[in-house]
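Note sheet for the following structure.
Only the coordinates and a few stated rules stand behind these numbers; no lab work does. The shown structure was predicted, so the numbers you read here are calculated from the model rather than taken from an experiment. Positions of Cβ are backbone-derived with ideal geometry, glycine not excepted, and every protein chain shown enters the neighbour counts.
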Amino acid sequence: MATVDWLNYFNNPKLLPPRSHLIEAHQFLGHFAKDRIAVDCGCGTGRDTLFLLEQGYQVYAFDIDISCLKILSEHPLAAATPQLDVQQSSFADYRFPRAHLLNASACLFFSPRPEFPQLWHNIEQSLFSGGIFCGHFLEQDAQDYDTNLPVLTWTRQDLEQLFTNFYIVSWKEKREYSAQLTGKKRAWLVHTVIAMKR
């Protein structure tokens, strides 16, 4: 089991490399030669946003945390390009543009459960047919299941239902043991999904 220090992960201003599943999603989308549009949900300090800019996308990025956005805006690449639109926004308030690629890494589990159906509808509507979604979802360990957690969790069956309008490109699972999201050590199954909209 991997141990993840989520608080250090989210509060570390040092720019990390882009996530491997985003690189894979970009490579899969390679047939779009130009005018590609990407949305980076919960972009944080921009580790994935900057990669998308480097690959020539028009990037729409948003996050609720203004301090993270400030770090992103001060990066030379972000400051110098007109290809980036950055907004401070919650999931509920963000107006998603049409996009070829939508990245939702390490952020969807912070969506309030009552708001998620509308958020997922907005994500689906944002993507062009043939567009790519990539992101993370959390599944609780069945032996320690708690419906009152402050993070959004799923069963495998419910996750599969979410993707009925997609073709699955890649679906990986990784078991992690951490107390950082809830204050109590729990086993999580992290699902990393890359999927193409039908």
(request) Report the extension gain between residue 54 and residue 34 in nm, rounded to one decimal, defined as 0.36 nm multiplied by the number of residues separating them, less their alpha carbon distance. (result) 5.9 nm
(message) I'd like the FRET efficiency for residue 180 and residue 74, computed as 1/(1 + (r/R0)^6) with the beta carbon distance as r and R0 of 25 Å, rounded to 0.05.
(response) 0.40
(request) Mind checking the full-extension length gain between residue 187 and residue 20? Use 0.36 nm per residue of separation minus the Cα-Cα distance, one decimal, nm. (result) 57.8 nm
(request) Using a Gaussian network model of the chain whose springs link C-alpha atoms within less than 10 Å, name the residue from 50, 16, 102 with the highest mean-square fluctuation. (result) 16
(request) Choose one of 79, 55, 38: the residue whose Cα lies farthest towards the positive end of the charge dipole of the chain (beta-carbon charges +1 Lys, Arg; -1 Asp, Glu; about the Cα centre). (result) 55
(request) Multiply the residue gap between residue 198 and residue 81 by 0.36 nm, knock off their C-alpha separation, and tell me the result in nm, one decimal place. (result) 38.9 nm
(message) With n ≥ 4 as the cut-off for DSSP H runs, can you work out [θ] at 222 nm for the chain, using -39500 (n - 2.57) per run divided by the number of residues, rounded to the nearest 500?
(response) -7000 deg cm²/dmol
(request) Report the convex hull volume per residue for the stretch 34-197, counting only C-alpha atoms, in Å³. (result) 116
(request) Report the one residue of 110, 188, 170 whose Cα lies farthest in the direction of the positive end of the charge dipole of the stretch 96-198 (charges on C-beta: Lys and Arg +1, Asp and Glu -1; origin at the Cα centre). (result) 170
(message) Considering only C-alpha atoms, what is the centroid distance from the stretch 76-109 to the stretch 39-65, in Å?
(response) 5
(message) Treating only the Cβ of Lys, Arg, Asp and Glu as charged (+1, +1, -1, -1), what charge dipole size does the stretch 101-198 show about its Cα centre? Round to the nearest 20 debye.
(response) 200
(message) Treating only the Cβ of Lys, Arg, Asp and Glu as charged (+1, +1, -1, -1), what charge dipole size does the chain show about its Cα centre? Round to the nearest 20 debye.
(response) 240
